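The values are calculated or read from the model by the stated rules, or taken from the named source; none is laboratory data. Model, not experiment: these values are computed from the prediction. Note: ideal-geometry Cβ built from the backbone for every residue, glycine included; neighbour counts use all protein chains shown. The protein model used for the area step is the full one, side chains on, heavy atoms only, and it has no ligands, DNA or RNA in it. Shrake-Rupley method; radii C 1.70, N 1.55, O 1.52, S 1.80 Å.
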Amino acid sequence: MSNTLAIVGRPNVGKSTLFNRLTQTQEAIVEAVSGVTRDRIYGKSDWNGYDFSVIDTGGYVHGSDDTFEEEIRKQVLFAIDESEAIVFIVDSREGISPLDEDVANLLRKSKKEVFLVANKVDSPNQADQSGEFYALGLGEVFPVSAINGSGTGELLDEVVKAFQKQIDDEETELPRIAIVGRPNVGKSSLINTLIGVDRNIVTPIAGTTRDSIYTRYNAFGHDFMLVDTAGLRKKGKVYENIEFYSTVRTIRAIENSDVCIVMIDAQTGIEKQDLNIFHLAEKNKKGIVVVVNKWDKVQKETNTLLKMERDIRNKIAPFNDVPIVFTSVTQKQRIFKALELASEVFERRSKKIPTSKLNDVMLPIIESIPPPAASRGRYVRIKYIMQLKTATPQFIFFCNLPDDVKESYRRFLENKLREEYDFTGVPVRLYFRKK
């Protein structure tokens, strides 16, 4: 499971600035959805060999001043639920406010690791200003400047100590197949149909499913964990603004999966939100199968299927080498085919190619169609290729001018790797390094 750090605090203390610093140049990976007023809520960071996710609850408070207190309380409860560690930011220039005290009271009752950060300490002689925050009873105070980065290294040294490497049990070693998609495309119905029981409550109301639910599927020669990215929310944890919270949970389920079945509604075709989910899975290097559900409800002509498939591939390009299957969960049409494809994609994703065979196949292809000439008449010469020892297919091409390999030629090489070794449904990464 991924480690997650949540950033909480009242408005204008620098939560988003710290989020931007921790995630560095990573672009936000969640586009605004209904009910979410901004897209920068979730990013990736790493420190001392630990990868972790960062949730920015800041900027989500909206409405008039009298709603702030309740909204912040929801954010803090959410952070306590969803993260392994919490950074609580206060403003060193303004001192302790009543809202800070309210947040501290909630955090003290939690069993989560909390790091109290006094922000806006922009020079060493301001460090004394952070002393008063010890009165909040949350232990050590970390004086930082989110703007210029001072103090953030010391903070992160302590944060990553809270992230214990998780020991996988037998079930987590099984392949994880996440069922993802927009609300009401049939995700829970698919799982219920596959396992033959109403494991998840299924209703036609968008947003019914809230938490991610893991179900072991062991039948017909398959054995893996199915992840419904929107399971029933536990009582006592019902928040307003559900889309915000379920979006974060969807992201975490994608992160913790091996293959994503991206479900889209055949009646509407592939829409912007479908593309956001698809590209999120791709960025996280997950295997992907596209399932076009409710196919039984579409009026068909001779080429309806081919037209829709072509439209989907055009919109998901350039990564469009993915299996697409047209299903009807209610009619039980081709749902087992979707599972079979997901299983095949999982196998391809973990494929390892011996270095000698890789070079025997790829170097002659490169020789017959070499890279275009670089600037000033110099030529790119690729000498050697190897696959990295990573969980997903990643390849290094050693050459004399790595910075001069054009994007079109990178695509050519990726397509050749796909043709030769069948990486359908699997994102492939290529790197170019100087020998």
**Request:** Considering every residue within segment 370-378, establish whether at least one is in contact (Cβ under 8 Å) with a residue 24 or more places away in the chain, over 26 Å from residue 317 (Cβ atoms) and open to solvent by 70 Å² or more (accessible area, probe 1.4 Å).
**Result:** yes
**Message:** The conditions are (1) out of contact with any Phe, Trp or Tyr (no Cβ under 9 Å at 6 or more places or on another chain); (2) more than 28 Å from residue 247 (Cβ to Cβ), and residue 110 fails exactly one of them. Which is it?
**Reply:** (2)
**Complete:** Here the residues within segment 408-430 that are part of a loop (DSSP other than H, G, I, E, B) and either among the small types (Gly, Ala, Ser) or open to solvent by 30 Å² or more (accessible area, probe 1.4 Å) (or both) are 422, 424, 425
**Complete:** Of the residues in segment 46-74, those that are at pLDDT 75 or above and either open to solvent by less than 10 Å² (accessible area, probe 1.4 Å) or in contact with a Gly (Cβ under 9 Å, 6 or more places away or on another chain) (or both) come to 47, 52, 53, 54, 55, 56, 57
**Output for segment 275-326, where each listed residue is assigned to a helix (DSSP H, G or I), farther than 25 Å from residue 350 by Cβ and acidic (Asp, Glu)** = 296, 309, 311
**Prompt:** In segment 264-285, which residue that is open to solvent by less than 30 Å² (accessible area, probe 1.4 Å) and of a type in the set (Asp, Glu) is modelled with the lowest pLDDT?
**Reply:** 274
**Message:** Just checking, does segment 304-327 include any residue being open to solvent by less than 50 Å² (accessible area, probe 1.4 Å) and of a type in the set (Phe, Trp, Tyr)?
**Reply:** yes
**Message:** Take the conditions touching a residue at least 12 places away in the same chain (Cβ under 8 Å) and part of a helix (DSSP H, G or I) and apply them to residue 383. Does it pass?
**Reply:** no
**Request:** Looking for whichever is at pLDDT below 85, buried (at least 16 other Cβ atoms within 10 Å of the Cβ) and in a loop (DSSP other than H, G, I, E, B) here; the options are 202, 185, 197. Which one fits?
**Result:** 202
**Item:** segment 115-139, subset over 9 Å from residue 92 (Cα atoms) and of a type in the set (Ser, Thr, Tyr), residue least open to solvent (accessible area, probe 1.4 Å)
**Value:** 123
**Given (1) assigned to a helix (DSSP H, G or I); (2) without any contact (Cβ under 8 Å) to a residue 40 or more places away in the chain; (3) open to solvent by 40 Å² or more (accessible area, probe 1.4 Å), number of the condition residue 359 does not satisfy** = (3)
**Request:** Determine if segment 289-296 includes at least one residue that is within 22 Å of the chain's Cα centre (by Cα) and farther than 30 Å from residue 412 by Cα.
**Result:** no
**Message:** For segment 321-356, which positions are under 13 Å from residue 423 (Cα atoms) and without any contact (Cβ under 8 Å) to a residue 12 or more places away in the chain?
**Reply:** 347
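Return the only residue of 406, 383, 434, 357 being charged (D, E, K, R) and either under 26 Å from the mean Cα position of the chain (by Cα) or within 30 Å of residue 280 (Cα to Cα) (or both).
406
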